[in-house]
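Chemist: Pasting in a structure now, in structure tokens, and then I'll have a few things to ask.
Each reported figure results from applying straightforward, stated rules to the coordinates on display, with no laboratory input. Note that this is a predicted model, so its numbers are computed, not measured. So basically every Cβ, Gly included, is an ideal-geometry build from the backbone, and we count neighbours across all protein chains shown.
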Ligand code: ARG
């Protein structure tokens, strides 16, 4: 009775705490860390050169066995560290059991995660860059596409479409900078911290850092095994990136709607409805918007897990991997799809032109009065009244008679009214960062410089 209860509880717990289904993807970095560690043990004489070589060779073979599936990572192996060690002892004999001298899974997992994330960060940075290239190319071909700029989703002021595309480019640049910054704190070696107080063997941590390509050593062993800030930071960077993607996708969803019709997305990135034959849904953009929610959830899940944990390692921390890997996978595919959207986007200029309300030129009229010496606030009121007048007559600003303009202000003349043009309006905004043609050309230049710099 007691025995069967005992067996059942063991089985229950083995299943419950096994993390190998999740952390198996760390096998390469785990083995890489172990090879460096074996060399470190040889340096301090814990392993003979011969033993070190036996262990290294066996580890290299194990990597191949796991990659090919020859060594199956089953749940009873608990986690990736135990799985590798078990196989090492099987292959190398009892000497394999020396590898863990002075090491704990606590400093081992922290090392693995940092090694893994460092590669991921470089990959994601490259993907963001690819997306910036697509946006830059789009901006280059849409400098002369005049488009309505919105605030509150109301037509506000005319812009050049390139100006919009570049706004996304510069947002992605900040994401890439944040990623590079967080990489600095990822690339610090925790190994040597042991369980939490530091290894009792004089392992040469600087040597390990050198072997594994880390830029520095964690300065405190308790901090080394407690710290998951680098994951939280990475998830926060991913969250901001996905929010950028999601907001732009919202623009695309709106602009591809029946009512707006400003853009067409590549038919392969839209899908039909199973019942309504006419539908072309902007699924790619919608799904990206949805995926952003997942990544926000990953961040929240990690920081909620960490909140209130005592120092140093606690088993709760094993739960850091699922949100981390989920965010990595989501962001990776999201960037590929998002890039494809910009590469294939088409702006329907005729349709855009028809939709542009010349009330968007109201600011320019007010600016004109201001240049004639009218205080801006007064000019603003005058033009607001003209806009109301046009609205009540059901016509556009351009169609109001000059005499009416002149009733509102003696400064108005034919030339001013005749010059109410959207592209001229954009070119009034010629200062750095504005939507004027030259200003946009300068931004293109800046964007190219950024990409040329890395
Ligand atoms: N599988 C564990 C994790 O991912 C490794 C560290 C376990 N440490 C321990 N003392 N049980 O967090």
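Chemist: Distance from a point 7 Å along Cα→Cβ of residue 180 to each backbone N in the stretch 429-454: keep the residues under 17 Å and list them by number.
Modeler: Hits in the stretch 429-454 for residue 180 at 17 Å: 446-454.
Chemist: Note the per residue figure in Å³ for the convex hull of the C-alpha positions in the stretch 82-188.
Modeler: On the way: hull volume 15.3 nm³, N = 107.
About 143 Å³ per residue, rounded to a whole number.
Chemist: Expressed in whole Å with the largest first, what are the equivalent ellipsoid semi-axes of the stretch 1-106 derived from the C-alpha gyration tensor as the square root of 5 times each eigenvalue? Before the final figure, lay out the partial values.
Modeler: Numbers: eigenvalues 158, 51, 29 Å².
Listed largest to smallest, the semi-axes of the stretch 1-106 are 28, 16, 12 Å.
Chemist: Here is a further query. Reported to two decimal places, what Rg/Rh ratio describes the stretch 184-318 when computed on Cα atoms with Rh from the Kirkwood expression?
Modeler: Values: Rg = 23.0 Å, Rh = 18.6 Å.
Computed over Cα atoms, the ratio is 1.24.
Chemist: In Å and whole numbers, how far do the C-alpha atoms of the chain stretch along each principal axis, longest first?
Modeler: Largest to smallest, the principal-axis extents are 100, 52, 39 Å.
Chemist: If you count the DSSP beta bridges with both ends in the stretch 120-236, what percent of them are antiparallel, to the nearest 5?
Modeler: On the way: 6 of 8 bridges.
Percentage antiparallel, nearest 5: 75.
Chemist: What angle do you read, to the nearest 10 degrees and between 0 and 90, between the alpha-carbon axis of helix 362-371 and the longest principal axis of the chain?
Modeler: Approximately 70 degrees, to the nearest ten.
Chemist: Per residue and in Å³, how big is the convex hull formed by the alpha-carbon atoms of the stretch 274-343? Before the final figure, lay out the partial values.
Modeler: Values: hull volume 7.6 nm³, N = 70.
Dividing the Cα hull volume of the stretch 274-343 by its residues yields 109 Å³.
Chemist: Assuming 0.36 nm per residue, please report the length gained on full extension of the stretch residue 25 to residue 353 beyond their Cα-Cα distance.
Modeler: Taking residue 25 through residue 353 to full extension adds about 112.9 nm, to one decimal.
Chemist: Report the normalised scattering of the stretch 371-422 as log10 I(q)/I(0) at q = 0.15, 0.20, 0.26 Å⁻¹, calculated by the Debye formula with identical scatterers on the alpha carbons.
Modeler: -0.39, -0.71, -1.17
Chemist: Can you classify the stretch 136-183 as rounded, prolate or oblate using the Cα gyration tensor, where a ≥ b ≥ c are the square roots of its eigenvalues, rounded means a/c under 1.5, and otherwise it's prolate if a/b beats b/c and oblate if not? Don't skip to the answer; put the middle values down first.
Modeler: Numbers: a/c = 5.73, a/b = 1.79, b/c = 3.20.
Here the stretch 136-183 falls in the oblate category.
Chemist: Given the Cα-Cα distance of residue 151 and residue 376 and 0.36 nm per residue of separation, how much length would full extension add, in nm? Mind showing how you got there, number by number?
Modeler: Working: separation 225, 0.36 × 225 = 81.00 nm, distance 2.05 nm.
Contour length minus Cα-Cα distance gives 79.0 nm.
Chemist: Could I have the simple spin-label model distance between residue 367 and residue 123, label points 7 Å from Cα toward Cβ, reported in nm to one decimal?
Modeler: Rounded to a tenth, the inter-label distance reads 4.7 nm.
Chemist: List 258, 344 from most exposed to least, where exposure is judged by having the fewest other Cβ atoms within 10 Å. It would help to have the intermediate numbers written out before the result.
Modeler: On the way: 258 7, 344 16.
In increasing order of surrounding Cβ atoms, one gets 258, 344.
Chemist: Could I ask something else about it? Give the order of 109, 254 when sorted by the count of other beta carbons within 10 angstrom, beginning with the fewest. Before the final figure, lay out each step's value.
Modeler: Working: 109 25, 254 16.
Least to most surrounded, the residues fall as 254, 109.
Chemist: Moving on to the next point. Cα axis of helix 27-43 to longest principal axis of the chain: angle in degrees, 0 to 90, nearest 10?
Modeler: Helix 27-43 sits roughly 50 degrees off the main axis of the chain.
Chemist: Also, quick follow-up: Go ahead and run the numbers for FRET between residue 74 and residue 170, Cβ-Cβ distance against an R0 of 41 Å, rounding to 0.05.
Modeler: Values: r = 49 Å, r/R0 = 1.19.
E between residue 74 and residue 170, to the nearest 0.05, is 0.25.
Chemist: What is the extension gain from residue 315 to residue 257, computed as 0.36 nm multiplied by their sequence separation minus the C-alpha to C-alpha distance, in nm to one decimal?
Modeler: Working: separation 58, 0.36 × 58 = 20.88 nm, distance 4.87 nm.
16.0 nm is the gain from fully extending residue 315 to residue 257.
Chemist: Measuring from label point to label point, each 7 Å out along Cα→Cβ, what is the residue 419 to residue 13 span in nm?
Modeler: 8.4 nm
Chemist: Which residues among the stretch 58-99 fall inside the zone where the amide N is under 14 Å from a point 7 Å beyond the Cα of residue 44, along Cα→Cβ?
Modeler: 99
Chemist: Can you list the residues of the stretch 110-148 with backbone N under 16 Å from a point 7 Å past the Cα of residue 229, pointing along Cα to Cβ?
Modeler: Counting only backbone N, you get 114.
Chemist: Grab the beta carbon distance between residue 210 and residue 90, set R0 = 22 Å, and tell me the FRET efficiency rounded to 0.05. Walk me through the intermediate numbers first.
Modeler: Values: r = 31 Å, r/R0 = 1.39.
That gives a FRET efficiency of 0.10.
Chemist: Counting pairs of alpha carbon atoms under 8 Å apart in space and at least six apart in sequence, what relative contact order in percent does the chain give? Working shown, then result.
Modeler: Working: 581 pairs, mean separation 70.7, N = 454.
The normalised contact order for the chain reaches 16 percent.
Chemist: Kirkwood hydrodynamic radius for the stretch 158-263: how many Å is it when counted over pairs of different Cα atoms?
Modeler: Details: mean 1/r = 0.0584 Å⁻¹.
Computed over the stretch 158-263, the radius equals 17.1 Å.
Chemist: Please report, largest first and rounded to whole Å, the three semi-axes of the ellipsoid equivalent to the stretch 168-229, where each semi-axis is the square root of five times an eigenvalue of the C-alpha gyration tensor. Mind showing how you got there, number by number?
Modeler: Working: eigenvalues 185, 34, 6 Å².
Value: 30, 13, 6 Å, ordered largest first.
Chemist: Still on this structure, I have one more. Ranked by Cβ crowding within 10 angstrom, fewest neighbours first, how are 302, 345, 153 ordered? Mind dumping the intermediate values first?
Modeler: Numbers: 302 24, 345 21, 153 9.
Taking fewest neighbouring Cβ atoms as first place, the list is 153, 345, 302.
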